[in-house]
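S.K.: Shown below is the structure under consideration.
FYI, it's all coordinate maths here, none of it is from the lab. Keep in mind that what you see is a predicted model, and the values were worked out from it rather than measured. Cβ placement follows ideal geometry from the backbone for every residue including glycine, while neighbour counts extend to all protein chains displayed.
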Amino acid sequence: MACAMAGKTEGSKTSQAEGGQAKQKLITIQIMGKPHDVPADATIMGAIEYAGHQIIRGAGCREGYCGACATIYRLPGDHKIQTGLACMTMVEEGMSLAQVPYVPAEKAIYDIEKLKPNVSAIQEMYPSVFRCVACNTCTKSCPQGLQVMDYVQAAKRGDIAMVMDLSFDCVVCGMCMLRCPAEITQPLVGILAKRLYGRYLRKDSPELAERVKAVEEGAYDTEYAELMSMSREALSKRYYARDTE
Ligand code: FES
């Protein structure tokens, strides 16, 4: 979950990179109500750090995966509160922003073995779902571009597979919960659906079983040993050069 930056170290307004290199284009933004000149091509996270703040919480992966850096902001002349991940959202002239430290939410405690993969689990664990007024605010506030309202509607119908599918890329940043007028805890509903799906609905995968068997039989031991012996730098290079879908 997210948290804000803490402890400003020292001001660092400048328009010229160190070492006499080319000038950077700066723009002025408001960070927690105070104006700062920051590089025009910075992410919000980069701008916060450029301004001299140390982010001690509210940053994790720095690549849009962990959801730790939820941020709200407004742009000049726009009444709307915008939401974004600080590590992925670029600054804009006149932007006024604050990081969201944490969005409280009551997590239901359940024994997955005692639930059924249908609407009864939703009714029992997250009845707030049925307060949804279909305003779509959750979808509009999702920095991942997920169809949040659609999966809330699917939860109301007990369509667990659809909830799992539509919420799959949720990073639990909490922005939908924060903006929801019905005070639904959407990410937690998504997590419940994923667990129900995994426990009851997923099809067996012969490919996975085969791969697990190969791992257990030591088919990858040499490669693991090689990875474990690599430096962080070499590991990082290998990681980013990997084949991805
Ligand atoms: S730091 Fe992980 S999503 Fe931004």
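S.K.: Using DSSP to call loops (not H, G, I, E or B), can you name the GluC sites (Glu not before Pro) in the range 160-237 whose Cβ has at most 10 other Cβ atoms within 10 angstrom? Numbers along the way, then the final one.
M.R.: Values: sites: Glu183, Glu207, Glu210, Glu216, Glu217, Glu223, Glu226, Glu233; in loops: Glu183, Glu217.
Listed in order of number, the matching sites are Glu183, Glu217.
S.K.: Show me the chymotrypsin sites (Phe, Trp or Tyr not before Pro) within the range 144-245 that DSSP assigns to loop and that have at most 16 other Cβ atoms within 10 Å of their Cβ.
M.R.: In loop regions of the range 144-245 (DSSP not H, G, I, E or B), the sparsely surrounded chymotrypsin sites (Phe, Trp or Tyr not before Pro) are Phe168, Tyr220.
S.K.: Which residues make up the longest stretch of the chain clear of trypsin sites (Lys or Arg not before Pro) that lie in a DSSP loop with no more than 14 other Cβ atoms within 10 Å, not counting the sites?
M.R.: Longest gap between qualifying sites, sites excluded: 108-201.
S.K.: Next question. Which ³J(HN,Hα) values, rounded to whole Hz and listed in residue order, are derived for the range 44-58 from phi using the Karplus coefficients 6.51, -1.76 and 1.60 in 6.51 cos²θ - 1.76 cosθ + 1.60 with θ = phi - 60°, glycine and proline given as x?
M.R.: Residue by residue, the range 44-58 yields 4, 5, x, 5, 4, 6, 4, 6, x, 8, 9, 8, 9, 9, x Hz.
S.K.: For Arg74, what is the net charge nearby, where nearby means another residue's Cβ is under 13 Å from its Cβ and Lys, Arg count +1, Asp, Glu -1?
M.R.: Numbers: positive: Lys80; negative: Asp78, Glu92, Glu93.
Here the charged neighbours net out to -2.
S.K.: Determine the calculated [θ] at 222 nm for the chain from helices alone, applying -39500 (n - 2.57) to every DSSP H run no shorter than 4 residues and normalising by the residue count; nearest 500 deg cm²/dmol.
M.R.: The helix contribution divided over the chain gives -9000 deg cm²/dmol.
S.K.: Apply the Karplus curve 6.51 cos²θ - 1.76 cosθ + 1.60, θ = phi - 60°, to the phi angles in the range 25-30 and return the couplings in whole Hz, x for Gly and Pro.
M.R.: 7, 10, 10, 9, 10, 9
S.K.: Past 27 Å, Cα to Cα, is the threshold; run Lys140/Lys203; Lys25/Lys237; Lys107/Lys156; Lys80/Lys107; Lys114/Lys194 against it and keep the listed order.
M.R.: Lys140/Lys203; Lys25/Lys237; Lys80/Lys107
S.K.: Would you mind checking the tilt of helix 186-196 against the longest principal axis of the Cα atoms of the chain, expressed as 0 to 90 degrees and rounded to 10?
M.R.: Computed tilt is about 40 degrees.
S.K.: Calculate, in nm to one decimal, what Tyr110 and Ala209 gain on full extension: separation in residues at 0.36 nm each, minus their alpha carbon distance.
M.R.: My answer for the length gained is 32.8 nm.
S.K.: Here is a follow-up. Starting from the amide H of His53, placed 1.01 Å from N in the peptide plane, find each other amide H under 5 Å away whose residue is 5 or more places distant or on another chain.
M.R.: Thr9
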